[in-house]
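None of the figures in this text is laboratory data; all of them are computed from the coordinates on show. The structure displayed is predicted, hence computed values, not measured ones. Note that each Cβ is placed from the backbone with ideal geometry, even for glycine, and that neighbours are counted across all protein chains shown.
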Amino acid sequence: MVGNDIVQDVYNILSGVYAPLVGFLREDDFLSVLHEMRLTAGDIWSIPIVLDIRGEDYLELKDESEIMLIDALGRDIAILKNIQIYPYDKGQYAFSVFGTTDDNHPGVASLMGRGSYLVGGDIYRKQSSEDEICDACSQAEILRDFSEYYFSPKETKQIFKDRGWESVVAFQTRNVPHRSHEYLQKLALKGVDGIMIQPVIGKKKPGDFRDDVIIEAYNILFDNYYDEDRAFLNILPLKMNYAGPREAVHHAVIRRNYGCTHMIIGRDHAGVGDYYDSYEAHDIFDNFTEYELGIKILKYENVSHCHGCGELKVDGSCEHADRHKFHISGTKMREMIKNGEELPEELIRKEISEYLLNHPNPFV
């Protein structure tokens, strides 16, 4: 029996979100991803997609060539064929992916609780058509409450084509939108035909916003402040790893698979605490060419409300000193909400602020 995060990975493999992966990583690809951020075939891949098992499971499965994957409700979800079971070094995994072995890091803590063996293999589903696979994804238990916002890569590419969008920028988020996010989204929109805003729906650390709260906050933003002919909301079934720069690459490759041509990478993308430098997620893309990555990275610095200018500005883009700036921060916003403090309009739209402050518990 596998958990929701593994179910999400299975559907992401089957529906092409994780292309070119066709299954969970075997040992050679796993080690190549850790050390090179590439599969052995040379494709860019920065986060291991793996299935872990414990010692007792290894003893039961070590002579098998294929296994059935079953979800928490006892349903067969996929067959894993031509399997390889291998031990792995959790410390090596943690340091390569997260840059630390500190178990105060949520990604490291999650890793240390996993089994001591990994199972690689190719994933197959009984349904043969891609439409049936996508329907299975949308009806999965993990997406039951959000299926109207779920679109597969095949579907998004068709949506972009139908809308006449030849260039599409992606925005990754695990937060409700504050004014900095909105500013960067609309700044990017000046150079493309449309934007796909894609909240992560899946396992997050305590203190992050709940999935339903993120979606409703974006609905409020779309209803009041967006031209919906140029903006599109589509959820991504995925757990957060909080792997900072490595996860930024992972997110970019995924959005390429959805048909996006551009990707916004802002300050401390997919970061947590002080584990990563503010713009380390910008620098990691220097390791790849735009051609091989398949998507153009838009690197944006932090946005503040400049009282001198009377408007939002990317840091360093005006002559006013720092004392004139109201620095917009998701961390600051979460703290203010937890304390029941009124949120200034420089930080977040009034309609979203009212929704959050009136919500009984907007956090995980």
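Across region 83-90, rounded Karplus estimates of 3J(HN,Hα) from the backbone phi angles (6.51 cos²θ - 1.76 cosθ + 1.60, θ = phi - 60°) give 7, 10, 10, 8, x, 8, 9, 5 Hz, Gly and Pro being marked x.
Each residue in R75, R349, R125, R246 was given a count of other beta-carbon atoms within 10 angstrom of its own, and listing them fewest first yields R75, R125, R349, R246. Here's the list of lysines a cross-link from K203 could span, going by alpha-carbon distance under 21 Å and ignoring same-chain residues fewer than 8 apart: K90, K239, K338.
Here the relative contact order of region 4-132, from alpha carbon pairs under 8 Å that lie six or more residues apart, stands at 31 percent.
In terms of its C-alpha gyration tensor, the chain has a prolate overall shape, because the principal axis ratio a/c (a ≥ b ≥ c, square roots of the eigenvalues) is not below 1.5 and a/b outweighs b/c.
In terms of surrounding Cβ atoms within a 10 Å radius of their Cβ, Y218, Y117 rank from fewest to most as Y117, Y218. The value of relative contact order for the chain, using C-alpha pairs under 8 Å at least six residues apart, is 16 percent. For a test of the definition: using alpha carbon positions, the gyration tensor, and the 1.5 limit on a/c, classify region 148-358 as rounded, prolate or oblate. Since a/c stays below 1.5, the shape of region 148-358 is classed as rounded. If you sort the three axes of the alpha carbon gyration tensor as a ≥ b ≥ c, you get a/c under 1.5 for region 132-259, which makes it rounded. Filter the cross-link list K190/K313; K161/K296; K157/K204; K296/K350; K205/K313 down to pairs whose alpha-carbon distance in this structure exceeds 25 Å. Correct reply: K157/K204; K296/K350; K205/K313. Here the Karplus curve 6.51 cos²θ - 1.76 cosθ + 1.60, taken at θ = phi - 60°, turns the phi angles of region 300-311 into couplings of 10, 7, 5, 10, 10, 8, 8, 5, x, 7, x, 7 Hz, with x standing for Gly and Pro.
The phi-based Karplus calculation (6.51 cos²θ - 1.76 cosθ + 1.60; θ = phi - 60°) puts the 3J(HN,Hα) values of region 180-196 at 5, 4, 4, 4, 5, 4, 6, 5, 5, 4, 5, x, 9, 7, x, 10, 10 Hz, whole numbers, x for Gly and Pro. Distance between the modelled labels on K338 and D227, one decimal in nanometres: 4.0 nm (7 Å Cα→Cβ projection).
Counted by Cβ distance under 14 Å from G42, the other residues give a net charge of -4, where Lys and Arg count +1 and Asp and Glu count -1. Close amide H partners of F151, meaning residues 5 or more places away or on another chain with modelled amide H under 5 Å apart, are I235. As a proxy for reagent exposure, ranking M336, M1, M196 by other Cβ atoms within 10 Å from fewest up yields M1, M336, M196. Using the Cβ of E280 as centre and a radius below 15 Å, the other residues enclosed give a net charge of -4, where K and R count +1 and D and E count -1. Pairs of Cα atoms nearer than 8 Å and 6+ residues apart set the relative contact order; for region 148-358 it is 21 percent.
Calculated [222 nm] ellipticity per residue, helices only, for the chain: -10000 deg cm²/dmol; basis is -39500 (n - 2.57) per DSSP H run with n ≥ 4, divided by all residues, nearest 500.
Computed packing ranks the peptides 268-274, 175-181 as 175-181, 268-274, most packed first, by mean other Cβ atoms within 10 Å.
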